[in-house]
Amino acid sequence: MLINRKEKIRSSEITKESIFRDRRNLVKAGISMGIIPSIITNIISTGHGFPNSGQISNISTWQESSDEKLTPYEHVTNYNNFYEFGTGKDDPAKNAHSLKTRPWSITIDGEVEKKGTFDFEDLVDLNALEERIYRFRCVEAWSMVIPWVGFPLKKLIDYLNPNSNAKYVQFFTLNDPNQMPGVRYRSLQWPYREGLTIEEAINPLSFIAVGVYGEVLPNQNGAPIRLVVPWKYGFKSIKSIVRINFTREMPQTTWKTANYREYGFYSNVNPEVSHPRWSQAYERKIGEGLFSAKVPTQLFNGYQEEVSYLYKNLDLKLNY
Ligand SMILES: Nc1nc2c(c(=O)[nH]1)N[C@H]1C(S)=C(S)[C@@H](COP(=O)(O)O)O[C@H]1N2
Ligand SMILES: [Mo]
């Protein structure tokens with residue numbers, strides 16, 4: 001029994017990763033030959049045309065993507081934080097099947113032109129998706145390297161057209177006890193909420209993901225639509241977004257509300273600012289064995305060049 005199960009996991013993992021590598025090499029070859037990233041595969045779709053599981057078509061590869069070793073699919077999708085489905089790392093994969101990701105509405109409000117409630121497939125261009133490999137560093141001192149599929153958050157913000165009063169953007173996750181067993185407990189403030197300054201949000205690295213490893217996001221990774229902010233601790237990358245609110249003032253964020261001494265609004269990855277209960281100087285790479293060597297954590301998770309201008313006049317020890 002046990003052996004069968006393990007073999008099953010291993011073979012599906014190999015399949016997904018080898019498919020991913022083959023497709024990616026194809027796209028890369030296309031780029032180097034001067035061909036526009038091409039349409040790779042296409043699978044049955046639902047509703048507006050975006051599938052709610054399986055392979056995503058029309059993905060172009062971002063040329064700057066890193067060549068770092070990817071975290072295996074099995075770990076990306078089975079070692080998660082998604083407290084709406086429990087506080088254990090394996091709870092989201094076990095419990096998130098009860099999340100219903102279609103239809104999915106997102107409400108836009110605050111200091112913005114396009115207010116209202118929209119079907120997510122009408123808000124975003126799901127036919128123009130990119131793939132980006134980003135380092136991902138959790139505040140709990142572990143990290144992954146993940147190939148996301150989606151588009152820059154800036155694209156969505158430009159479309160929504162915030163006005164000049166909008167200094168911040170706040171995001172909310174769905175809060176439904178019928179679909180999310182974890183929200184029946186007061187482990188955190190619900191709905192889960194996060195925020196960025198507008199300048200952070202329009203930085204080219206801020207990304208909206210709808211897929212991972214070339215496939216539609218599994219529920220445990222924040223289906224159908226989530227944020228990825230690669231230079232900040234993982235908790236800023238809010239999952240299963242249902243509301244985007246443009247604000248004048250710094251908005252409430254769940255982890256800061258839970259414990260402001262431990263979690264600040266900015267939460268930039270910073271080896272020099274320790275969490276009050278542990279150091280942030282090193283991280284353990286998930287998927288390389290339980291006793292894998294720890295590697296040094298880099299300022300802004302290694303994205304200094306892209307983001308340090310955002311914090312020129314900010315004391316990062318005070319604004320943690
Ligand atoms: N709604 C919601 N979003 C969330 C969380 C959560 O509990 N609820 N956990 C955060 C934390 S702490 C991390 S590390 C990342 C994990 O993302 P992953 O499971 O896709 O790796 O999701 C973030 N987004
Ligand atoms: Mo995290």
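Quick one: in the range 268-320, of everything that is over 27 Å from H75 (Cβ atoms) and among the hydroxyl-bearing types (S, T, Y), which residue is surrounded by the most Cβ atoms within 10 Å (Cβ to Cβ)?
Here the residue is Y320.
Restricting to the range 43-64, and then to whatever is touching a helix residue (DSSP H, G or I) at 6+ places or on another chain (Cβ under 9 Å) and surrounded by fewer than 17 Cβ atoms within 10 Å (Cβ to Cβ), can you tell me which residue is modelled with the lowest pLDDT?
G47
Select the strands (runs of 3 or more DSSP E) contained entirely in the range 45-164, then report the ones holding at least 1 residues which are within 16 Å of ligand 2 (Cβ to nearest atom).
129-137, 142-152
Just for the range 121-163: of the residues that are of a type in the set (F, W, Y) and open to solvent by less than 30 Å² (accessible area, probe 1.4 Å), which one is nearest to N301 (Cα to Cα)?
So the residue we want is F136.
Taking interchain pairs and intrachain pairs at least six residues apart, which have beta carbon atoms under 8 angstrom, with the first residue in the range 75-93 and within 21 Å of W190 (Cβ to Cβ) and open to solvent by 30 Å² or more (accessible area, probe 1.4 Å) and the second among the basic types (K, R) and part of a loop (DSSP other than H, G, I, E, B)?
Once the first residue is within 21 Å of W190 (Cβ to Cβ) and open to solvent by 30 Å² or more (accessible area, probe 1.4 Å) and sits in the range 75-93, its partners that are among the basic types (K, R) and part of a loop (DSSP other than H, G, I, E, B) give N81/K89.
Just to be sure before I move on: is L174 touching a helix residue (DSSP H, G or I) at 6+ places or on another chain (Cβ under 7 Å) and within 13 Å of ligand 1 (Cβ to nearest atom) in the structure I sent? Outline the logic, then answer.
Details: touching a helix residue (DSSP H, G or I) at 6+ places or on another chain (Cβ under 7 Å): no; within 13 Å of ligand 1 (Cβ to nearest atom): yes.
It is false that L174 is touching a helix residue (DSSP H, G or I) at 6+ places or on another chain (Cβ under 7 Å) and within 13 Å of ligand 1 (Cβ to nearest atom).
P103: modelled with pLDDT of 95 or more, exposed (fewer than 15 other Cβ atoms within 10 Å of the Cβ), farther than 30 Å from H275 by Cα and within 16 Å of ligand 1 (Cβ to nearest atom), yes or no?
Working: modelled with pLDDT of 95 or more: yes; exposed (fewer than 15 other Cβ atoms within 10 Å of the Cβ): yes; farther than 30 Å from H275 by Cα: yes; within 16 Å of ligand 1 (Cβ to nearest atom): no.
So P103 does not fit the description; no.
The values are calculated or read from the model by the stated rules, or taken from the named source; none is laboratory data. Just so it is clear, the structure is predicted and the values come from calculations on it, not from any experiment. Virtual Cβ from ideal backbone geometry, glycine too; neighbours counted across all protein chains shown. The protein model used for the area step is the full one, side chains on, heavy atoms only, and it has no ligands, DNA or RNA in it. Shrake-Rupley method; radii C 1.70, N 1.55, O 1.52, S 1.80 Å.
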